[in-house]
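Below is one structure; the comments refer to it alone.
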Amino acid sequence: MRSKQQKMLAEAILTPISYIYKCVIGVRNFLFNVGFIKQTKFKVPIVVVGNLSVGGTGKTPLTEFIINALSTQWHIGVLSRGYKRRTKGFILATRRLSPHDIGDEPFQMYAKFGDRITLAVCEDRRKGIREMMKIDPSINLFVLDDAFQHRYVKPKVAIVLMDYNHPCYQDKMLPLGRLREPMDSIYRADMVVVTKCPEDLKPFDLRTVKNNLDLIAAQKLFFSSVKYAAPSALFPDENNLHPYLEYLTDDDGILIVTGIANPKPFVKYLRNFKSNMKILHFGDHHDFTRNDFDLICERFDELKGNRKMIFTTEKDAVRLISNPYFPHQLKAFSFFIPITVDFSQYNEGNNFVESLKEEINRK
């Protein structure tokens, strides 16, 4: 009863704040729509990847998917604000930098594609684009990560992501819900991607999402799922174990360590395999401390099993590998599981990559 009363009290307090926030965002969007606030249009085509809600929709995996698919045809400049980095202003990614310098996601993308792209971080996307074009004039396509709300740059293609498990049409504006913008902002998107769809998604479920989104004819809708790759060692030089998940048994112990916005799909995936399991979840973009590693060691020692292993996400791996406090005794037992985006189901022959190329080349 008390928790219900607390919830009602919280809603009573947050509802007017949410309404005020919605009005402010509505006015801002109106000023952009009527041209009172100017957008900068660049000669180089710009693809924006973003969402309407906060966190956890899968922007980084999709950005990586786009880079991998298009980098043979275009020389791509990737620009991000570098969320939670310890630096300010424009920074061009190099091998000497760390996640603290440019942020987790940019560091992860540069580690994968640094020889195929030019990557930088900057809070001011217009300044960032101009600086990158000066440094590398061969860039002929920009991909802006998490920039749907940054309307000062006019994109050639705007891609909005929606987590299937947290549909924006069932959400509310901040701080009452998780929406950064009202639902009708989705009509600014050229392409909408529903992410993290279950493998057993039925035609009825697809129609339900399509009907609720109610997109206009010019907008293209795609459904995708997360595909998990084989585990990789966090510290290959320290590790000679082979963590084949399908061979796990009840005699094996797993500690799952995460610091992302929504760890549920990752945990659900690992629950498909037999093992004794413990879970340690920290906040999104968590900066692991010495005390955190003491706790991880403690939980690892408590695991029961002939083989004991630690599994984390690819995004967390970026921070863990470069952390000076990571315990040496755990390095041989620590793994991350890479993920990719899979469009192979649900889309009735519509090809996301070909559709994206068409939008980029559109006059």
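The values are calculated or read from the model by the stated rules, or taken from the named source; none is laboratory data. Small disclaimer: the values here were computed from a predicted structure and weren't measured. A quick note on method: Cβ atoms are made from the backbone with ideal geometry, for glycine too, and the neighbour counts reach across all protein chains shown.
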Open item on the list: For the stretch 143-160, give me each residue that is within 14 Å of R81 (Cα to Cα) and surrounded by 23 or more Cβ atoms within 10 Å (Cβ to Cβ).
Closed with: V143, L144, D145, A147, F148
- [ ] Restricting attention to the stretch 23-70, report how many residues are of a type in the set (F, W, Y), in contact (Cβ under 8 Å) with a residue 24 or more places away in the chain and farther than 11 Å from V143 by Cβ.
- [x] 2
- [ ] Consider G50 carefully, then state whether it is part of a strand (DSSP E or B), within 23 Å of R178 (Cβ to Cβ) and not assigned by TED's automatic domain parsing to the domain that holds V318.
- [x] yes
TODO: Examine the stretch 81-90 for a residue that is under 13 Å from the mean Cα position of the chain (by Cα), more than 20 Å from A317 (Cα to Cα) and hydrophobic (A, V, I, L, M, F, W, C), and state whether such a residue exists.
DONE: no
- [ ] Check D284, D250, D316 and return the single one that is part of a helix (DSSP H, G or I) and either in contact (Cβ under 8 Å) with a residue 40 or more places away in the chain or of a type in the set (D, E, K, R) (or both).
- [x] D316
Open item on the list: So, restricting to strands (runs of 3 or more DSSP E) that lie completely within the stretch 176-236, which ones have at least 3 residues that are among the hydrophobic types (A, V, I, L, M, F, W, C)?
Closed with: 191-195, 220-223
TODO: Residues that are without any contact (Cβ under 8 Å) to a residue 12 or more places away in the chain: find the helices (runs of 4 or more DSSP H) completely inside the stretch 71-137 holding 1 or more of those.
DONE: 125-135
Task: Residue count for the stretch 319-356, restricted to those that are out of contact with any Asp or Glu (no Cβ under 6 Å at 6 or more places or on another chain), of a type outside the set (D, E, K, R) and in a helix (DSSP H, G or I) - done: 10
TODO: Out of the residues in the stretch 211-241 that are modelled with pLDDT of 95 or more and aromatic (F, W, Y), state the one that is surrounded by the fewest Cβ atoms within 10 Å (Cβ to Cβ).
DONE: F222
